[in-house]
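Notes follow once the structure below has been shown.
The values are calculated or read from the model by the stated rules, or taken from the named source; none is laboratory data. These numbers come from a predicted model, not from an experiment. Note: ideal-geometry Cβ built from the backbone for every residue, glycine included; neighbour counts use all protein chains shown.
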Amino acid sequence: MCILSFYKPGIAPDLEALRDGAAANPHGHGYAIVAEDRILVGRGLDADAVINEFASVRALFPDTPALFHSRFATHGYVSEQNCHPFAFGGDERTVLAHNGVLPEIVHPAIDDPRSDTRVAAEDFLPREPFGPIDSWTGRTGLEDWLNGDKMIILTVDPRYKHTAYLLNEHHGHWTADGIWYSNHSYRWRAPGTAAKPGSYLYDYCDYCGQYDIERAGPHCAACGFCEECWHEFPHCDCEFLAGTDRYADLKYFDAA
């Protein structure tokens, strides 16, 4: 899962949204900011420390592209080394961050502590398996391979035409204050502080990416993922659904 945010030049981060996104995706955090001829990167497992550092560095470089990522681990150890973003093929002039679960070809081996995104960044994508990203075939090939996942690449390498690449942008959304988010988990609140259940403001499933604006409850009609407790089907454990048919909303959708 995870959450990824992108900031165009001149856009300041929403620190409350970053903290809420970090609470929902607690397995490590990181940022990247273009700073003239280099990219400044910070990572760590302490959300508050990384967010505060990001805010401070962004204040110094407010007019360049930037990204922030909070991780929900699916592959690889929970460690600072697996916090996004990752250098592209070891070249620190280009970094990438990703939201989703990548295809099996980049899943780490049993004895490999890296995450799938780290494997992709270090070993797979630098070979340009789909062609150069500045070509139509290269970009569309990569976006198709991502299969609904989202990815941001920042670079100061002069061989690229652009400084920032936002891949599968349409699977995320822009807010009124000009920030792009890969999903809605920045709206997450700890139990007891959330909006009342039944307020489902999701355009895309945060797990599979399915467009699902007419859902009847918290579960994605395509994959069953629960947007309230963030558990995959059939493992929803929402307290407010205790003693009920947890997946009645999916049956309602099928009958509609």
Checklist entry - When you go through (1) under 19 Å from the mean Cα position of the chain (by Cα); (2) part of a helix (DSSP H, G or I) one by one for Ala59, which number turns out not to apply? => result (1)
Checklist entry - So Cys220 fits all but one of (1) modelled with pLDDT of 60 or more; (2) in contact with a Pro (Cβ under 9 Å, 6 or more places away or on another chain); what number is the exception? => result (2)
Checklist entry - Are there any pairs with C-beta distances below 7 angstrom linking a residue in segment 96-110 that is without any contact (Cβ under 8 Å) to a residue 60 or more places away in the chain to a residue that is of a type in the set (Lys, Arg) and outside any helix (DSSP H, G or I), with the two at least 6 apart or on different chains, and if so which? => result Pro108/Arg114
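Mind checking which strands (runs of 3 or more DSSP E) fall wholly inside segment 65-162 and carry at least 1 residues that are in contact with a strand residue (DSSP E or B) (Cβ under 8 Å, 6 or more places away or on another chain), surrounded by fewer than 16 Cβ atoms within 10 Å (Cβ to Cβ) and assigned by TED's automatic domain parsing to the domain that holds Gly30? So that I can check it myself, show each step before the final result.
Details: elements: 66-70, 86-88, 91-99, 150-155.
It comes to 91-99.
Suppose the filter is more than 21 Å from Trp174 (Cβ to Cβ), in a helix (DSSP H, G or I) and assigned by TED's automatic domain parsing to the domain that holds Arg114; does Asp48 pass it? Show your work before the answer.
On the way: more than 21 Å from Trp174 (Cβ to Cβ): yes; in a helix (DSSP H, G or I): yes; assigned by TED's automatic domain parsing to the domain that holds Arg114: yes.
Judged against the criteria, Asp48 is a match.
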Checklist entry - Which one of these does Leu40 not meet: (1) within 13 Å of Ser70 (Cα to Cα); (2) part of a strand (DSSP E or B)? => result (1)
